[in-house]
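Below is one structure, written out as structure tokens, with a few remarks after it.
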């Protein structure tokens, strides 16, 4: 008889790689040990993971670390797919955003509604977060923290020496950039890695058109939004900002950019607030060596990404330990400790603001205003599924690298991509409902 786990693996193989023969599952890891696959590899990220591991150990469960390097989890995603297809799925995996629904949709994720009910998740979690961790009415992910992607980090001593303040909008940035460059600093640190380029660009879209335009473009992939003049302005801004970056923008890890700002080699950086965690871990002090503020033009908005852990059902021998981790993740004390290290903010509506620094309080307050002020990050899988995200990010990256490409070129190419995605979605729906 074909076991449930074998059936699920066959379904995944069909989804990801066509006809791939199923292989026998490996011997299960002892129930008191949970292997956790994630992409937290910087110093501050590892410290945050250790917070969870220590709390889990207090419950008699060992956290077996399986960290995969690579910004935005690109490497971890590839490793996860290969391991699941080989019958070697980890018990716990960092899966975020729309990817949760993709994995849950093929029946591979453990449902732990009992943990959510006992912890009153429906009442204590932000509505956005609670909706994110559900699939078809069942809770399938444990939320850890909310990252603000529209954060501007700046070298405070450098700006103060020049009599400058962090820019409230991009026009103010353009006005101060020549003075920063004349002082020997790169005005804006930036990597050419696709996900980092996309992160900057969606900040520019948010600044020009707010959450409404951001959602039309990246959640709904609306062709009407492509014709919006505010998108043209965002594309033009992305091009002009290159003049205020390093002479040659190379693919560099985000941690390198953080160090550039910390040393004063670069004045500013637009990045998710995990950069704050890294700065603090390196010994920098908020309002001393560095400062943080909303990215120019986005003070009222929250471009978000939510860290979540999912549990693979496998043969169900690890369910008790997996549920312990899910329960621990949302506890108030763990939320406060984890997010203080990670740079993110609590997913809970009853979080203690007195335990947050000024950057965190601003982020948490902006996020808790509700959906009207929130924008789900494209680069970090909140806005759309993996396939759609990849092709849109690739086009933004192509435009950024090719100085000869015009905004009209990008609009045309994105239009073709949106139409292809819509056609693909229709074909998939027809296959499911013939």
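The values are calculated or read from the model by the stated rules, or taken from the named source; none is laboratory data. The shown structure was predicted, so the numbers you read here are calculated from the model rather than taken from an experiment. Cβ placement follows ideal geometry from the backbone for every residue including glycine, while neighbour counts extend to all protein chains displayed.
Worth a mention:
- Matching entry among 142, 185, 174 (being surrounded by 17 or more Cβ atoms within 10 Å (Cβ to Cβ), touching a helix residue (DSSP H, G or I) at 6+ places or on another chain (Cβ under 9 Å) and assigned by TED's automatic domain parsing to the domain that holds residue 356): 142
- Filtered residues of the range 373-389 (kept if assigned to a helix (DSSP H, G or I) and either more than 13 Å from the chain's Cα centre (by Cα) or surrounded by 20 or more Cβ atoms within 10 Å (Cβ to Cβ) (or both)): 373, 387, 388, 389
- Spans of helices (runs of 4 or more DSSP H) in the range 1-85 with at least 2 residues at pLDDT below 80: 4-17
- Tally, over the range 290-340, of residues that are surrounded by 19 or more Cβ atoms within 10 Å (Cβ to Cβ) and under 30 Å from residue 167 (Cβ atoms): 18
- Residue 277 being modelled with pLDDT of 95 or more, touching a helix residue (DSSP H, G or I) at 6+ places or on another chain (Cβ under 8 Å) and outside the structural domain of residue 40 (by TED's automatic domain parsing): yes
- Test: residue 358 is closer than 24 Å to residue 120 by Cβ and not assigned by TED's automatic domain parsing to the domain that holds residue 219: no
- Scan the range 68-80 for residues that are surrounded by fewer than 18 Cβ atoms within 10 Å (Cβ to Cβ) and touching a helix residue (DSSP H, G or I) at 6+ places or on another chain (Cβ under 9 Å) and the total you get is 3.
- Where residue 95 falls short, out of the listed (1) closer than 23 Å to residue 386 by Cα; (2) out of contact with any helix residue (DSSP H, G or I) (no Cβ under 7 Å at 6 or more places or on another chain); (3) surrounded by 21 or more Cβ atoms within 10 Å (Cβ to Cβ): (2)
- Scan of the range 390-408 for residues that are under 19 Å from residue 303 (Cα atoms) and surrounded by fewer than 19 Cβ atoms within 10 Å (Cβ to Cβ), ordered by number: 390
- When the residues of the range 345-359 are filtered to those that are crowded, with 20+ Cβ neighbours inside 10 Å and over 24 Å from residue 212 (Cα atoms), the one that is modelled with the lowest pLDDT is 359.
- Evaluation of residue 392 against (1) without any contact (Cβ under 8 Å) to a residue 40 or more places away in the chain; (2) in a helix (DSSP H, G or I) (one fails), failing number: (1)
- Residues that are in contact (Cβ under 8 Å) with a residue 24 or more places away in the chain and over 10 Å from residue 139 (Cα atoms) within the range 109-122 comprise 118, 119, listed in sequence order.
- Selected residue [under 22 Å from the mean Cα position of the chain (by Cα) and either surrounded by fewer than 20 Cβ atoms within 10 Å (Cβ to Cβ) or in the same structural domain as residue 142 (by TED's automatic domain parsing) (or both)] from 103, 63: 103
- Residue match in the range 207-230 (condition: touching a strand residue (DSSP E or B) at 6+ places or on another chain (Cβ under 6 Å) and crowded, with 19+ Cβ neighbours inside 10 Å): yes
- Single residue of 258, 270 found to be touching a strand residue (DSSP E or B) at 6+ places or on another chain (Cβ under 9 Å), more than 20 Å from residue 362 (Cα to Cα), touching a residue at least 40 places away in the same chain (Cβ under 8 Å) and crowded, with 21+ Cβ neighbours inside 10 Å: 258
- Meets criteria (free of Cβ contacts under 8 Å to residues at least 60 places away in the same chain and part of a helix (DSSP H, G or I)) for residue 233: yes
- Of the residues in the range 325-348, not one is more than 20 Å from residue 48 (Cβ to Cβ) and not assigned by TED's automatic domain parsing to the domain that holds residue 174.
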